[in-house]
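Just below is one structure, and these are the notes that go with it.
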Amino acid sequence: MKKKVLATIMAAAMSLTMLVGCGSEGGGDATAPETDAGGEATAEAGDAGEAPAADGDVITVGFAQVGHESDWRTASTTSVKAALSNENGIDLQFVDCDNDSAAQLEAVRNFIEQDVDYIVIDPIVSTGWDTVLTEADDAGIPVIVIDRTIDDSDKYVSWVGSEFTNEGLAAGAWLKAYAEAKGIKELNILEITGTTGSSAEIGRTKGFHQYIDSEGWNLLDSQTGDFTQEGGQTVMESYCKSYAGKFNVVICQNDNEAFGAIDAMKAAGVSYGVDGDVIVISFDACTAGLQKVLDKEINADFQCNPLQGPDCLKIIQALQGGQTVEKQTFMEEPWFVSEDILKDISYKNNSGKDVTEPLIVVDAAKVDEAY
Ligand code: GYE
């Protein structure tokens, strides 16, 4: 890690700078975080020496969030804001990038210009990062990545998130076992994917398509719903017209898309869910999603845990203490179902390991515990 200079003037300027390019929101107020007069140089996190703000000053963190496209995203933002709080000694600059990759790069560059102590990124797409991460590295600002991955640069100190390919594999393993248990011989599938080029979309697609290929299922169509309810509804409305009477599975890559798809099926008179003609599969397992599993409208929901704020805080605290941190931390994620007919699923996961994982039948308590 390199030396990092934290000057009073910079800190004051940072707090007063208005971020441009995408919606921004100061994590705290518009006053300068307290710093020592003279703004002494501090050692960068990871060094044996003094870390940024190790003398009790406020730690400044810039967080470039994807946007506000889903319930999952709202839970993620809430979790990060709660953990990276004033009470925990952090002045958080929060930027909602509204699903715009160019705006996200600009937000990160603004953080570098402001010389924040740490940058947290939830990358909208997985590529296009090496230049800006090199700039952050050159400025000596540690970057922490949460949720989605960055696949074309390793210039970040730590990532915490989910194994998206395993989520897709688990969905495939469940559908295979479920169809066998129900005696369904032919699967005609419509897919609504997430934001194209996001690692969540790439991984879930990769995992589920392994089953489409190996089982010879019929994939009728695959289009993006951009992880939004509106997107899911629009795609499903067109599917209901183009594939009327021809499909018996719809897989949505997040809960909000599933809500939109369900509304479209209702409007088109298509029966779905446990008692209907069309099996509905979703990812995220947010509160409203699990409620739909409980109501038997979604057959299976594969959790992706958005509560990464506490891990992010731990990483920052470890770096502050000069400790080394794990390059990767995976969230634990259960799989939820509507019916009590399968106890578990077995599959070879993305690390090539044979695993057997339980299926949890949703009850009211599970809905209450969700985010
Ligand atoms: O599944 C979706 C959100 O990146 C894992 O983004 C996240 C995804 C999540 O919009 O709801």
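The values are calculated or read from the model by the stated rules, or taken from the named source; none is laboratory data. Source: prediction; values computed, not measured. In this analysis, Cβ positions are derived from the backbone assuming ideal geometry, glycine residues included, and neighbour counts consider all displayed protein chains. Just the protein is used for accessible areas: all its heavy atoms, side chains included, with ligands, DNA and RNA removed. Shrake-Rupley method; radii C 1.70, N 1.55, O 1.52, S 1.80 Å.
Just add up the charged neighbours of Trp129: K/R +1, D/E -1, any other residue whose Cβ is under 13 Å from the Cβ of Trp129. Could the numbers behind the result be given before it?
Values: positive: Arg109, Arg148, Lys155; negative: Asp122, Asp130, Glu135, Asp137, Asp151, Asp152, Asp154.
Residues near Trp129 contribute -4 overall.
Pop the C-beta distance of Ser271 and Lys348 into the FRET formula with R0 = 25 Å and round what comes out to the nearest 0.05. Provide the component values of the computation, followed by the final result.
Values: r = 34 Å, r/R0 = 1.36.
Rounded to the nearest 0.05, the efficiency is 0.15.
Any chance you could list the semi-axes, whole Å, largest first, of the equivalent ellipsoid that the Cα gyration tensor gives for the range 49-150, using √(5λ)? Write down the numbers at each step before the final one.
On the way: eigenvalues 93, 65, 20 Å².
Whole-Å semi-axes of the equivalent ellipsoid: 22, 18, 10.
Rounded to the nearest 20 debye, what is the charge dipole size of the range 167-236 about its Cα centre when +1 sits on each Lys and Arg Cβ and -1 on each Asp and Glu Cβ?
Values: 5 positive and 10 negative charges, 45 e Å.
Computed about the Cα centre, the dipole is about 220 debye.
Counting only heavy atoms of the protein chains, get the accessible area per residue of the range 170-219 (1.4 Å probe) and round it to a whole Å² value. Before the final figure, lay out the partial values.
Working: 1920 Å² over 50 residues.
Each residue of the range 170-219 exposes 38 Å² on average to a 1.4 Å probe.
I need to check one value: relative contact order of the range 68-132, counting alpha carbon pairs closer than 8 Å and at least 6 residues apart, in percent. Walk me through the numbers before you get to the answer.
Values: 28 pairs, mean separation 16.1, N = 65.
Averaging sequence separation for qualifying contacts and normalising by length gives 25 percent for the range 68-132.
Based on the mean of other beta carbon atoms within 10 Å per residue, what is the order of 335-343, 348-356, 289-297, most packed first? Each step should come with its number before you reach the end.
Details: 335-343: 16.7, 348-356: 11.3, 289-297: 21.7.
Listed from highest to lowest mean packing, they are 289-297, 335-343, 348-356.
Going through the cross-link list Lys176/Lys343; Lys185/Lys266; Lys206/Lys343; Lys327/Lys366; Lys206/Lys348; Lys266/Lys343, which pairs have a Cα-Cα distance over 20 Å in this structure? Present the calculation step by step, with values, prior to reporting the outcome.
Working: Lys176/Lys343 14 Å; Lys185/Lys266 25 Å; Lys206/Lys343 25 Å; Lys327/Lys366 31 Å; Lys206/Lys348 13 Å; Lys266/Lys343 30 Å.
As for pairs spanning more than 20 Å Cα to Cα, those are Lys185/Lys266; Lys206/Lys343; Lys327/Lys366; Lys266/Lys343.
For Glu230, put the label point 7 Å out on the Cα→Cβ axis and report which residues of the range 90-114 keep their amide N under 13 Å from it.
Residues passing the 13 Å test: 99.
Using θ = phi - 60° and the Karplus form 6.51 cos²θ - 1.76 cosθ + 1.60, what ³J(HN,Hα) does each residue of the range 351-358 get, whole Hz, x for Gly and Pro?
Once rounded to whole Hz, the list reads 8, x, 9, 6, 10, 10, 10, x.
Given a Förster radius of 30 Å and the C-beta distance between Lys206 and Arg109 as r, what FRET efficiency does 1/(1 + (r/R0)^6) yield to the nearest 0.05?
Working: r = 31 Å, r/R0 = 1.03.
That gives a FRET efficiency of 0.45.
What order, most packed first, do the peptides 257-267, 323-333 have when packing is the mean number of other Cβ atoms within 10 Å of each residue?
On the way: 257-267: 22.8, 323-333: 13.5.
The packing order, highest mean first, is 257-267, 323-333.
Starting with the highest mean, order 133-140, 269-276 by the number of other Cβ atoms within 10 Å, averaged over the residues of each peptide.
On the way: 133-140: 17.2, 269-276: 14.9.
Packing proxy ranking, top to bottom: 133-140, 269-276.
Measure out, as a whole number of angstrom, how far apart the alpha-carbon centroids of the range 304-371 and the range 155-200 sit.
If you average the Cα positions of each part, the centres end up 15 Å apart.
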